[in-house]
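Taking it in order: structure first as structure tokens, then the write-up.
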Amino acid sequence: MTAEAVPASAILLRSGNVRVKKLAETIAIPLGALLASAVLFSIFLLLLGKSPIEFFALVWTGGFGSSFAIQQSLQRAAPLLLTGLAFAIPARIGLTIIGGEGALVLGGFAAAAIAIPLVSNSAPAFLTLPIMAIFAMSAGGIWIGLAGWLRHYRGVNETISSLLLSYIAIAIMNFFVEGMLRDPSSANKPSTMPIGDAYKVGNIPGLDVHWGLAAGILLAVVLYILMSRTTFGFAARMTGGNPRAALAQGLPVGFLIVSCCMIAGACAGLAGFFEVAAIHGQANASLVAGYGFTGILVAFLARHNPLVIIPVAVLFGAIAASGGVIQRRMAMPDATVLVLQGILFVVLLVSETFYGRFKIFQPGRTGDRT
């Protein structure tokens, strides 16, 4: 039987089979990585003389055991959702951008800096907050966009440049926060002038969770549509698969790379805005909380899918929220959850090598005989 004689029904069946097996592989390998991480971390706990069963039970209790715990998990998930998007969007075009932490810090600082003259002149909150958000997203977008520009036009490795830019962003914030923009009343921790409760972002009605979570979910949906259902997203995926082929087809590769990086930076900058406008009320060293790096782990586990990033961010928010319970009940530092996150990250990196290696997930060859 020749290829031309294969019935259309057989072709459709094979196509459906490929999609199902690819989806199964995408789900099974990350779940296997989670299980392997739990086993390795359990061994770590046993070596310390602690109970793994008690630990994971407390993670559940601290993350989802009550309405208060759930709201704390959602609160911590908001910046992870946005920084996860900051890694996932460039990854769709083949870039490994790990500078989300710097974009978050710079975005938060930009929001706090522009708020100083606005608050001092009693500008209305409905005008001040959007301006703060725009400045935060612009600062983050330009900062990560610079890494994309260096990658395309100067051949600089984006992983290294984005990481170094993070340290520069933190240094810029420290320079101004500890210098000309320091609030004289901030004796213990150098900070910018507080924006005041009147200018803070409120909570979602009925929840003790700020609007950053809702903004992150909305942005995840919008970016999923952009990257999966538009010509821009198709062109970005083509560029990520083979930049030379994309150039040969006349695609604006440079524009696509810089645009994806700027979108990523804007997401991280928005996370910085909410950290200032909803949590801290000012810019200081508390912005350097590691959300940008944890967001990388969130994006990896979600396979760079903006929609899947939402539940994964909530999961990691719950792990972070359980740190205090673990510290009190098991007499272990709350940083113990960071060890778990580190093991997860290493195992997820290793799991990347297993895609395409298991026969059970490979499509059959029905209808391919000649």
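The values are calculated or read from the model by the stated rules, or taken from the named source; none is laboratory data. Since the model is a prediction, treat every value here as computed from it, not as a measurement. Ideal geometry is used to build each Cβ from the backbone, glycine not excepted, and the neighbour counts take in all protein chains shown.
Starting from residues that are in a loop (DSSP other than H, G, I, E, B) and among the aliphatic types (A, V, I, L, M), keep the ones in segment 179-206 and report whichever is surrounded by the most Cβ atoms within 10 Å (Cβ to Cβ). Please lay out each step first, then the result.
Quick first cut of segment 179-206, residues in a loop (DSSP other than H, G, I, E, B) only: 179-190, 192-196, 200-202, 204-206.
After this cut, where a residue has to be among the aliphatic types (A, V, I, L, M) as well, the list is 180-181, 187, 193, 195, 201, 204.
On the way: MET180: 7, LEU181: 19, ALA187: 8, MET193: 20, ILE195: 25, VAL201: 19, ILE204: 14.
By that ranking, first place goes to ILE195.
One residue is enough: does segment 255-275 have a residue meeting the conditions surrounded by fewer than 18 Cβ atoms within 10 Å (Cβ to Cβ) and either among the small types (Gly, Ala, Ser) or closer than 19 Å to ILE142 by Cβ (or both)? Quick ask: steps written out before the conclusion?
Start the filter on segment 255-275 by keeping residues that are surrounded by fewer than 18 Cβ atoms within 10 Å (Cβ to Cβ), which leaves 255.
Pick out the ones that are also either among the small types (Gly, Ala, Ser) or closer than 19 Å to ILE142 by Cβ (or both) and you get 255.
Within segment 255-275 (the criterion being surrounded by fewer than 18 Cβ atoms within 10 Å (Cβ to Cβ) and either among the small types (Gly, Ala, Ser) or closer than 19 Å to ILE142 by Cβ (or both)), the answer is yes, since at least one residue qualifies.
Restricting to segment 182-196, give me the number of residues that are in contact (Cβ under 8 Å) with a residue 60 or more places away in the chain and either among the basic types (Lys, Arg) or under 30 Å from VAL314 (Cβ atoms) (or both). Quick ask: steps written out before the conclusion?
First, pick out the residues of segment 182-196 that are in contact (Cβ under 8 Å) with a residue 60 or more places away in the chain: 183, 186, 189-196.
Checking the rest, the ones that are also either among the basic types (Lys, Arg) or under 30 Å from VAL314 (Cβ atoms) (or both) come to 189, 191, 194-195.
Residues flagged as in contact (Cβ under 8 Å) with a residue 60 or more places away in the chain and either among the basic types (Lys, Arg) or under 30 Å from VAL314 (Cβ atoms) (or both) within segment 182-196 amount to 4.
Within segment 260-291, how many residues turn out to be outside any helix (DSSP H, G or I) and either within 18 Å of the chain's Cα centre (by Cα) or within 19 Å of HIS210 (Cα to Cα) (or both)?
The first filter runs over segment 260-291 and keeps only residues outside any helix (DSSP H, G or I), leaving 281-284, 288-290.
When the remaining residues are screened for being either within 18 Å of the chain's Cα centre (by Cα) or within 19 Å of HIS210 (Cα to Cα) (or both), the result is 281-283, 288-290.
Number of matching residues: 6.
Output yes when any residue across segment 156-163 is in a helix (DSSP H, G or I), in the same structural domain as ALA91 (by TED's automatic domain parsing), touching a residue at least 24 places away in the same chain (Cβ under 8 Å) and farther than 19 Å from THR294 by Cα, and no when none is.
Scanning segment 156-163 turns up no residue that is in a helix (DSSP H, G or I), in the same structural domain as ALA91 (by TED's automatic domain parsing), touching a residue at least 24 places away in the same chain (Cβ under 8 Å) and farther than 19 Å from THR294 by Cα.
Quick check on this structure: which one of VAL312, VAL325 is in a helix (DSSP H, G or I), touching a helix residue (DSSP H, G or I) at 6+ places or on another chain (Cβ under 6 Å) and under 22 Å from VAL221 (Cβ atoms)? If you could, list the steps in order and put the result at the bottom.
Details: VAL325 fails: under 22 Å from VAL221 (Cβ atoms).
On inspection, the qualifying residue turns out to be VAL312.
Against the definition (modelled with pLDDT of 95 or more, surrounded by 14 or more Cβ atoms within 10 Å (Cβ to Cβ) and not acidic (Asp, Glu)), how does ILE43 come out, yes or no? Give the steps one after another, and end with the answer.
Working: modelled with pLDDT of 95 or more: yes; surrounded by 14 or more Cβ atoms within 10 Å (Cβ to Cβ): no; not acidic (Asp, Glu): yes.
Here the answer is no, as ILE43 does not meet what is asked.
Please pick out the residue among ALA215, ALA248, ALA220 that is exposed (fewer than 13 other Cβ atoms within 10 Å of the Cβ), assigned by TED's automatic domain parsing to the domain that holds PHE274 and either under 20 Å from PRO90 (Cβ atoms) or out of contact with any strand residue (DSSP E or B) (no Cβ under 8 Å at 6 or more places or on another chain) (or both). Give the derivation first.
Working: ALA215 fails: exposed (fewer than 13 other Cβ atoms within 10 Å of the Cβ); ALA220 fails: exposed (fewer than 13 other Cβ atoms within 10 Å of the Cβ).
Every option except ALA248 fails the conditions.
Return the only residue of ALA78, ALA88 being touching a Lys or Arg at 6+ places or on another chain (Cβ under 9 Å), small (Gly, Ala, Ser) and in a helix (DSSP H, G or I). Give the steps one after another, and end with the answer.
Numbers: ALA78 fails: touching a Lys or Arg at 6+ places or on another chain (Cβ under 9 Å).
ALA88 is the lone residue from the list that is touching a Lys or Arg at 6+ places or on another chain (Cβ under 9 Å), small (Gly, Ala, Ser) and in a helix (DSSP H, G or I).
One residue is enough: does segment 61-75 have a residue meeting the conditions under 30 Å from VAL156 (Cα atoms) and assigned to a helix (DSSP H, G or I)? Show your work before the answer.
As a first pass, look at segment 61-75 and keep what is under 30 Å from VAL156 (Cα atoms): none.
Checking segment 61-75: not a single residue is under 30 Å from VAL156 (Cα atoms) and assigned to a helix (DSSP H, G or I).
Using the structure shown, decide if MET173 is touching a helix residue (DSSP H, G or I) at 6+ places or on another chain (Cβ under 7 Å), crowded, with 16+ Cβ neighbours inside 10 Å, in a helix (DSSP H, G or I) and touching a residue at least 40 places away in the same chain (Cβ under 8 Å). Before the answer, list the steps.
On the way: touching a helix residue (DSSP H, G or I) at 6+ places or on another chain (Cβ under 7 Å): yes; crowded, with 16+ Cβ neighbours inside 10 Å: yes; in a helix (DSSP H, G or I): yes; touching a residue at least 40 places away in the same chain (Cβ under 8 Å): yes.
When the stated conditions are applied, MET173 passes them.
Of the residues ALA283, ALA318, which is over 26 Å from LEU106 (Cβ atoms), of a type in the set (Gly, Ala, Ser) and in the same structural domain as ARG92 (by TED's automatic domain parsing)? First the steps, then the outcome.
Details: ALA283 fails: over 26 Å from LEU106 (Cβ atoms).
Unique residue meeting the criteria: ALA318.
Quickly run through segment 134-162 and pick out the residues that are surrounded by fewer than 22 Cβ atoms within 10 Å (Cβ to Cβ) and of a type in the set (A, V, I, L, M, F, W, C).
ILE134, PHE135, ILE142, LEU146, TRP149, LEU150, VAL156, ILE160
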